[in-house]
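J.: Here you go, one structure.
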Amino acid sequence: MLVSFADHYSAHDRHLVERRLAQALSGLSAAAETAPATFVGDDVSSRELLQLAWDRAEEEIESLQAELRLLRQRHREAEHQLLARIHQRKRLQQTILESAGDTATAA
């Protein structure tokens, strides 16, 4: 739809739009962090720019999904540690109860 929309404008307007899109793509900081910088020249078509934008968005999605997996793993590890501490405290309570029962029987 975007490409057909661009067909209604003159070559000069399309060139201006393509140049602005190229500038916007080259200015994406998130994509620059996940992928090496790519020079986008003036002779790049709007379809190529759209494909480049798609690829960069896809890379960012993959990066975010990897970050999400890492956060979930850390969450599971923290949950396991807390459960271990809870069980340890419950065992301590049981030991206290058993000691109190032994003390009451001995008295």
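J.: Could you say whether any residue in segment 71-79 is of a type in the set (A, V, I, L, M) and part of a helix (DSSP H, G or I)?
T.: Step one: list which residues in segment 71-79 are of a type in the set (A, V, I, L, M), which gives 71, 78.
Subset that is part of a helix (DSSP H, G or I): 71, 78.
There is at least one residue in segment 71-79 that is of a type in the set (A, V, I, L, M) and part of a helix (DSSP H, G or I).
J.: Checking the conditions here, which among GLU98, GLU58 is surrounded by 10 or more Cβ atoms within 10 Å (Cβ to Cβ) and over 25 Å from the mean Cα position of the chain (by Cα)?
T.: Of the residues listed, the single one that is surrounded by 10 or more Cβ atoms within 10 Å (Cβ to Cβ) and over 25 Å from the mean Cα position of the chain (by Cα) is GLU98.
J.: Looking for whichever is loosely packed, with under 12 Cβ neighbours inside 10 Å, at pLDDT 70 or above and either outside any helix (DSSP H, G or I) or not small (Gly, Ala, Ser) (or both) here; the options are GLU48, GLU67. Which one fits? First the steps, then the outcome.
T.: On the way: GLU48 fails: loosely packed, with under 12 Cβ neighbours inside 10 Å.
GLU67 is the lone residue from the list that is loosely packed, with under 12 Cβ neighbours inside 10 Å, at pLDDT 70 or above and either outside any helix (DSSP H, G or I) or not small (Gly, Ala, Ser) (or both).
J.: Only one of (1) loosely packed, with under 12 Cβ neighbours inside 10 Å; (2) part of a helix (DSSP H, G or I); (3) modelled with pLDDT under 65 is not met by PRO36, so which one is it?
T.: Going through the list (1) loosely packed, with under 12 Cβ neighbours inside 10 Å; (2) part of a helix (DSSP H, G or I); (3) modelled with pLDDT under 65, PRO36 breaks only (2).
The values are calculated or read from the model by the stated rules, or taken from the named source; none is laboratory data. Remember, predicted model here, so these are calculated numbers, not experimental data. Every residue, glycine as well, gets a Cβ built from its backbone with ideal geometry; the counts of neighbours run over all protein chains shown.
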